[in-house]
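Colleague: Please find one structure pasted underneath; my questions will follow.
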Amino acid sequence: MRLPDGPKTPRLWQQIQWITDPISYMETNAQKYGDIFTVGAGFAGETILFVSNPKIIQTVFANPKLFAAPGYLNKILQPLVGENSLFLLEEPKHQDRRKLLYPPFHSKRMQVYGQLICEITKNVTTKLSFNTPFSMRKTMEKITMRVILQVVFGLHRGERYTQLEELLSARINAVSSPLSSILNFFPFLAKDYGSWSPGYRIKLQQQQIDDLLYAEISDRRAEGESDRTDILSLLLSARYENGERMSDEELHDELMTLLFAGHETTATALAWAFYWIHYLPEVKQKLLEEIDSLGENPDPMSLVKLPYLTAVCQETLRIYPGVHLTLPRIVQKNIEIDGKQLENEINIFGCIYLLHQREDLYPQPKQFKPERFLECQFSPYEYMPFGSGIRRCIGAVLAEFEMKLVVTTMLKKYQLELADSHPVKPQRRGTFVSPSSGVKMIVKADRTEALEKAQGL
């Protein structure tokens, strides 16, 4: 059986290309081989297909019996999230865990977290100096870390909060370093070979984090039932269908999963959003008019329903999605799809980046045009920044909610400008692709003070 065509260069060279410049690797191969091609960038010697055709993606992701999504295919994530993570669970445990995790992330629960996210944003950004360049990405990282600590972990102050903020930020930065980009794809290099090795430092850092998380879980169990609304509290009280609660190990690994899945991705998306909003004055003007139309102190739930704001966030996640690939599927038997022969045991990745760059779906795909989401409704197989099917990101609702509130809180408070008018390019940062400069910005004025003066208050 003949596989879809693909690059013939040596596997090691393809791996280097994927690590150093994933966007160029994807675009070059898509231009040459079309919307389904075989790649040699697999790090376990496996055969891999990249797919960006929405019809094929729908066939694959809507048929889990023909295209399974086993947890073992995500083994590369285990050093970050632990063996009990939702990412690594097999069926039926995977679906049982999703049922347990879903209620805290339901859209109805978001109103509980809205005001807190706005307050966190204000507290972090109040330290910004006027007319002094700052990194928007680093500022967003501080905000998203505190959202994780307060909304997810339920920590708000104290020594454990401070220690975890410092340790988790350091762990994330280590994962996002250029060296980590290599360690992520060659796990044997991340092993503990002694005090001189990166693996030793990673192990030591993770142990400190584990001790703090298990201590928090223990303390919270000792408290018993409470009316707390953070996600950890909800998970502590949740029960499987057989009446059992999640174990300490399961809780720990899901907290680490939510951290790694929700911190860097959201911070990067926010940095991109602020870049596009301020790079295109007409986008900023429309957005400010829409936000200001709600008055001085709008309710967070009213803000997140704003159509142009929603379109801006959707377009941000389209043009440079937080992750470029879905979690993999594996072909269960030899099958033909759209004239392409697929062999049993082949791994298939939906290529989110290439899907979002299709000219037939998104005319002028390199251009930032929020209006496209006001003019057209895309299917879950045409627009999928959070993946699709049974492995879709469970925190998608919280991520989108957080994006909207952080953007509106900052735009309502500050008059911002880009420190540099040159276009920002994407650059690999760990497992993600981030703005190369971190998006340098300047606070020019306090909008609330200016509006009060204009109104004679």
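What follows is calculated from the coordinates using simple rules that are stated; it is not laboratory data. Quantities reported herein were computed from a predicted structural model and do not represent experimental measurements. Here Cβ is always computed from backbone atoms with ideal geometry, including for glycine, and neighbour counts include all displayed protein chains.
Colleague: Picking from N123, I143, T20, whose Cα lies most toward the positive end of the charge dipole for the chain (charges on Cβ: Lys, Arg +1; Asp, Glu -1)?
Modeller: Comparing the listed Cα positions along the dipole, T20 ranks first.
Colleague: Further, regarding this structure: Amide H to amide H under 5 Å from A68: which residues, 5+ apart in sequence or cross-chain, H placed 1.01 Å off N in plane?
Modeller: Long-range HN contacts for A68: I330, Q332.
Colleague: Now for a different question. Which of the aspartates and glutamates could a cross-linker bridge to K286, judged by Cα under 20 Å and excluding same-chain residues fewer than eight apart?
Modeller: Qualifying aspartates and glutamates at Cα under 20 Å: E296, D299, E315, E371, E375, E400, E417, D446.
Colleague: Enumerate the calculated ³J(HN,Hα) couplings along region 93-106 in order (Karplus 6.51 cos²θ - 1.76 cosθ + 1.60, θ = phi - 60°), each rounded to whole Hz, writing x wherever the residue is Gly or Pro.
Modeller: So the J values, rounded to whole Hz, are 4, 4, 5, 4, 5, 4, 4, 6, 7, 5, x, x, 9, 5.
Colleague: To the nearest 20 debye, what charge dipole does region 206-292 have about its Cα centre, counting +1 at the Cβ of each Lys and Arg and -1 at the Cβ of each Asp and Glu? Let's see the in-between values first.
Modeller: Values: 7 positive and 20 negative charges, 64 e Å.
With Lys and Arg at +1 and Asp and Glu at -1, about 300 debye.
Colleague: Tell me, in nm to one decimal, what length is gained between N63 and I330 on full extension, where the rule is 0.36 nm per residue of separation less the Cα-Cα distance? Don't skip to the answer; put the middle values down first.
Modeller: On the way: separation 267, 0.36 × 267 = 96.12 nm, distance 1.12 nm.
Computed gain between N63 and I330 is 95.0 nm.
Colleague: Once the piece of chain linking I76 and S129 is laid out straight, how much longer is it, given 0.36 nm per residue of separation minus the C-alpha distance between them? Mind showing how you got there, number by number?
Modeller: Working: separation 53, 0.36 × 53 = 19.08 nm, distance 4.07 nm.
Full extension from I76 to S129 adds 15.0 nm.
Colleague: Shifting gears a bit: Quick check: Cα centre of region 101-150 to Cα centre of region 231-297, how many Å?
Modeller: Each part reduced to its Cα centre gives a spacing of 8 Å.
Colleague: Using a Cα-Cα cut-off of under 18 Å, which lysines could be cross-linked to K425, ignoring same-chain neighbours fewer than 8 residues away?
Modeller: Of all the lysines, those that pass the test against K425 - Cα under 18 Å, at least 8 places apart if same chain - are K138, K366, K369, K440.
Colleague: Sort out for me the Cα centre separation of region 298-373 from region 394-411, rounded to whole Å.
Modeller: If you average the Cα positions of each part, the centres end up 19 Å apart.
Colleague: What aspartates and glutamates could a cross-link reach from K333, if we take a straight Cα to Cα line under 14 Å and drop same-chain neighbours fewer than 8 places away?
Modeller: E343, E345
Colleague: Over region 184-262, what portion of Cα pair distances is larger than 21 Å, expressed as a whole percent?
Modeller: On the way: 1301 of 3081 pairs.
Result: 42 percent of Cα pairs exceed 21 Å.
Colleague: Can you compute the charge dipole magnitude of the chain about its Cα centre, using +1 on each Lys and Arg Cβ and -1 on each Asp and Glu Cβ, nothing else charged? Give it in debye, rounded to the nearest 20. Display every interim value, and only then the final one.
Modeller: Numbers: 53 positive and 54 negative charges, 156 e Å.
For this selection, approximately 740 debye.
Colleague: Normalising by the residue count of the chain, find the relative contact order in percent from Cα pairs under 8 Å and 6+ residues apart.
Modeller: Values: 656 pairs, mean separation 112.8, N = 457.
Answer for the chain is 25 percent.
Colleague: Is the shape of the chain rounded, prolate or oblate, going by the alpha carbon gyration tensor and its root eigenvalues a ≥ b ≥ c, with a/c under 1.5 for rounded and a/b larger than b/c for prolate?
Modeller: Working: a/c = 1.55, a/b = 1.19, b/c = 1.31.
In terms of gyration-tensor shape, oblate.
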